[in-house]
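The values are calculated or read from the model by the stated rules, or taken from the named source; none is laboratory data. None of the values given here were measured: they were computed from a predicted structure. Positions of Cβ are generated from backbone atoms using ideal geometry, with glycine treated the same way; all protein chains shown enter the neighbour counts. Side chains included, ligands, DNA and RNA excluded: accessible areas come from the protein's heavy atoms. Shrake-Rupley method; radii C 1.70, N 1.55, O 1.52, S 1.80 Å.
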Amino acid sequence: MRLYLLSLIFVFTCLFSCTQTAICQSDIPESNVKKWWKEAIVYQIYPRSFKDSDGDGIGDLKGIISKLDYIKSLGVTAVWINPIYSSPNDDNGYDVSDYRGIMKDFGTMADFDALLKGLHQRGIKLVMDLVVNHSSDEHEWFKQSRTSRTSPYRDYYHWWNAERGKPPYRYSLFDVNHDAWKYDSLTNAYYLHYFSRKQPDLNWENPKLRHEVYDIMKFWADKGIDGFRLDAFGFAAKDTSFPALPEGYEKNFMPYYSMQGNLHGYLQEMNKEVFSKYNVMSVAEGAGNSFKDAHNLVDADRNELNMAYPFDAVDMPKPEGYSLLRFKELFSRWDSAFANKGWVAVFLANHDQARMVSRFGNDSPEFRELSSKMLSTFIMTMRGTPYYYNGDELGMTNAGFDKIEDYKDMAALNEYQRLKNTGGDIQLFMEQLKFGSRDNGRTPFQWNGSTNAGFTSGTPWINVNPNYKVINYAAEQNDPNSVLNYFRKLTKLRKQNQLLVYGKYNELDKTNPDVYAYTRELAGQKMLVLLNFTKTAARVNLSSNISTAQLVLCNYDKVPQKNKYASVVTLRPYEALIYKL
Ligand code: NOJ
């Protein structure tokens, strides 16, 4: 009754203020309608590499629990944790064998419950991966599906009976032959796997499968989790007649794999069955093939997902294809496409990418700290929900392994084998891995300067980056000017200034190849962000004098000289400045 009265009062207040001042929720652009997930600062934890509690060399849930106060101290408000479900670990948990179980390496359901409770007690939300484009081949559904063509689970997956001949070629991202069809003699048929052979694709055309997935989602939502990240879901819908695709399509397979068939129908059904019934957020992996796709995925009136996660920046081939001009242009383009409707994530790294500082900054001893801070300033001052990858708050760098034996990523190992089998250029591939391998982002979190960086008392599942003696939490915690403590200042600033979440973004000095400059503006308040992306001093032309500006944050220990208050400002190498105008 009390609630009913309160909502009536709210409706009347809104109606009244609309007639009086012409502002009510309906006048606010959709993207400025307040939501917790827009205001969230998401910290991504790769559980395998975060903290090992039992000495088996693999990070685990108890390890994360032991670091909850650290996570809280960062000022982040949500955690996205990579898959922790039961899995034979062909793809480090992205091959789920039981969606309601916890991976043995990581602990037990009691540990999970304690983790969730510990996060919630600290006011931090939890977002979980939902990996349902495919399961593991060791999932009970697949085990059953394989047994006979008449199994009730047969249609949970995509099968092609061999008497029809070989199925039309489908490219696999992880397969050693790039072949997404695997022959299974048990029933004389091929099954489809866009990723590895141990990751058979689920058949979303089957309503039984879809409802199994919704039940799984409800199981986790009932436990109290706060969101889902939909892994590879853009691939879930397929043309199951499997027509032949144009020769060479695999060089640009996204238009053939992503956003096919009834994908939007499945998402709307998922929304109706699950999202609409819980206060959970949903984030896509990717953003479709165009702005139109992305809007159709996340605009509020579509009732599908909450936010897109565009890959454009991390997909920019580096070092060849990257330039700051391209980088700026693409972020500005995304911002303007989503200025009024929809919402996107902002990130520069995750578990599938090289380390942020090695890729977009400068990981040399001279500039690592400055450029890490500068990149963090970018992520935390853009419009969109920041997703910040664990270890970047310390300025962790690429490990850049030289030997194939040091790599653990199945995708890299299979590609290496493929090149060996086909006489490909191994040397070139090793160079590419050194810079871009997913394992660069997966080396253990560097807690201190003791053996194995304090990550484990055993042998780590993947080598620790040898620079842990210099780059580690213990060293940074006590240094007020560390990358870590600078990151904390940024989270505080974002939480104190809603303009950094909702404020209008406006790029300045667009053709400047060295400096990224923009303002954020909301309700008469304005901030200016200046970022030098180079290792030399660089000038930025602001076209108006900022002599009355108030400096809010600077990534150098010494604040800038007076010349920083003119209309043309000279920035020091990798300098980042935030002003209140
Ligand atoms: C995207 C995930 O981020 C990646 O780590 C995984 O290998 C693939 N999807 C397959 O699940």
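Observations on the model:
- Cα gyration tensor shape of the stretch 133-181, rounded if a/c is under 1.5, else prolate or oblate by comparing a/b with b/c: oblate
- Accessible area per residue for the stretch 117-244, computed on protein heavy atoms with a 1.4 Å probe, is 37 Å².
- Dipole axis of the chain (+1 Lys, Arg; -1 Asp, Glu on Cβ), positive-most option in Gly391, Ser136, Tyr257: Gly391
- Charge dipole of the chain (Cα centre as origin; +1 on each Lys and Arg Cβ, -1 on each Asp and Glu Cβ, all else neutral): 1780 debye, rounded to the nearest 20.
- The stretch 95-197 shape via C-alpha gyration tensor axes, a/c threshold 1.5: prolate
- Stretching the chain fully between Gln477 and Gln498 yields a gain of 4.8 nm (0.36 nm per residue, less the alpha carbon separation).
- Protein accessible area in the chain, 1.4 Å probe - carbon and sulfur %: 51
- Around the amide H of Thr385, modelled in the peptide plane, lie the amide H atoms of Val344, Ala345, Val346, all under 5 Å away and 5 or more residues distant in sequence or on another chain.
- Highest-first arrangement of 534-542, 296-304, where packing means the average Cβ count within 10 Å: 296-304, 534-542
- Antiparallel bridges, percent of DSSP beta bridges restricted to the chain (to nearest 5): 65
- The 3J(HN,Hα) values that the Karplus relation (6.51, -1.76, 1.60; θ = phi - 60°) gives for the stretch 384-401 are, in residue order, x, 8, x, 10, 10, 8, 4, x, 5, 5, 9, x, 4, 10, 4, 7, x, 4 Hz. Gly and Pro appear as x.
- The residue among Ala349, Leu375, Gly361 whose Cα reaches farthest toward the positive pole of the charge dipole of the stretch 262-415, with charges on the beta-carbon of Lys, Arg, Asp and Glu, is Leu375.
- Here the 3J(HN,Hα) profile of the stretch 121-128, calculated from phi with Karplus coefficients 6.51, -1.76 and 1.60 at θ = phi - 60°, is 4, 9, x, 10, 8, 10, 10, 10 Hz, Gly and Pro shown as x.
- Whole-angstrom gap from the stretch 172-197 to the stretch 524-558, using each part's C-alpha centre: 53
- Mean separation of Cα contacts under 8 Å, 6 or more apart, over the residue count of the chain: relative contact order %: 13
- Cα-based helix-to-principal-axis angle, 263-273 vs the chain, degrees rounded to 10: 80
- The distance between label points at Asn421 and Asp312 comes to 3.7 nm (points 7 Å beyond Cα on the Cα→Cβ vector).
- Which of Pro513, Asn421, Pro243, positive extreme of dipole for the chain (C-beta unit charges): Pro513
- Across Lys67/Lys125; Lys218/Lys272; Lys198/Lys223; Lys38/Lys117, pairs whose alpha-carbon gap is larger than 18 Å: Lys198/Lys223; Lys38/Lys117
- Set of aspartates and glutamates with alpha-carbon distance to Lys62 below 15 Å, sequence-local pairs under 8 removed: Asp52, Asp54, Asp105, Asp111, Asp113
- For the residue pairs Lys182/Lys292; Lys143/Lys166; Lys72/Lys408; Lys535/Lys580, the C-alpha atoms sit more than 32 angstrom apart in Lys182/Lys292.
- Seen against the Cα atoms of the chain and their longest principal axis, helix 368-381 is set at about 90 degrees.
- Probe 1.4 Å, accessible area per residue of the stretch 504-580, Å²: 48
- For the chain, the longest principal axis of the Cα atoms and the long axis of helix 324-337 meet at an angle of about 80 degrees.
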